[in-house]
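First up is the structure itself, then whatever we jot down about it.
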Amino acid sequence: MSFTKKQASEITGLPMRGIQYYTERMLVIPEVDPGEGKGQNRRYSKKNLVEFGVIKELTEYSMAFSQIKRVMHILRFPIPDGRLDAPSQQMNMAGIIGKWESLPEEAYVVLYRIRDNFKHVFTAGMKSVGDILIEQYQNKAESILIINLSTIINKVKKA
């Protein structure tokens, strides 16, 4: 199944101009059809829709493009200690977004920032996000953002 820019916008809530912007800057690469050539339309996969859904969440917190790009990189290619400044330690496996279809019903990404370095943790299932925050981040993080992947994924699955 594939989706046009308009359909991707309707499903994710990201404006059509946003879909075009993030595609042109190669933050999201259409998996079905890149639409190369005059008059060709791009076609997006459900995984692409999950990516756009996460981007929408990040834009709602006024994140700059460079920050969104860094966060999306972590969600695609996790680094063992969650640091974004260690690309040589990148794991050779798909990140959370690559596994979107098999995530549990309750799935969250918690992003936190310490001295301009984003770190992250993925949490799912019974343990509450509040417990995770208290255990691991109290008095360390300057800011914390919780993305409810379940909500994004449920919208995409219904499409």
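Quick note: the coordinates plus some simple rules give every number you see, no bench work behind them. Keep in mind that what you see is a predicted model, and the values were worked out from it rather than measured. Glycine gets a Cβ as well: all are built from the backbone with ideal geometry, and neighbour counts include every protein chain shown.
Going from the fewest other Cβ atoms within 10 Å to the most, the residues Thr23, Thr151 appear in the order Thr151, Thr23.
Quick check of the Kirkwood formula: for segment 19-65, what is the inverse mean of 1/r over all pairs of different Cα atoms, in Å? All intermediate terms of the calculation are to be shown ahead of the outcome.
Numbers: mean 1/r = 0.0886 Å⁻¹.
It is 11.3 Å.
With the highest mean first, a sort of the peptides 3-14, 24-35 on other beta-carbon atoms found within 10 angstrom per residue produces 3-14, 24-35. Note on Leu27 and Glu60: the model spin-label points, each 7 Å out from Cα along the C-beta direction, lie 1.6 nm apart. Once the Cβ-Cβ distance of Gln40 and Arg17 is raised to the sixth power relative to R0 = 22 Å, the FRET efficiency obtained is 0.70.
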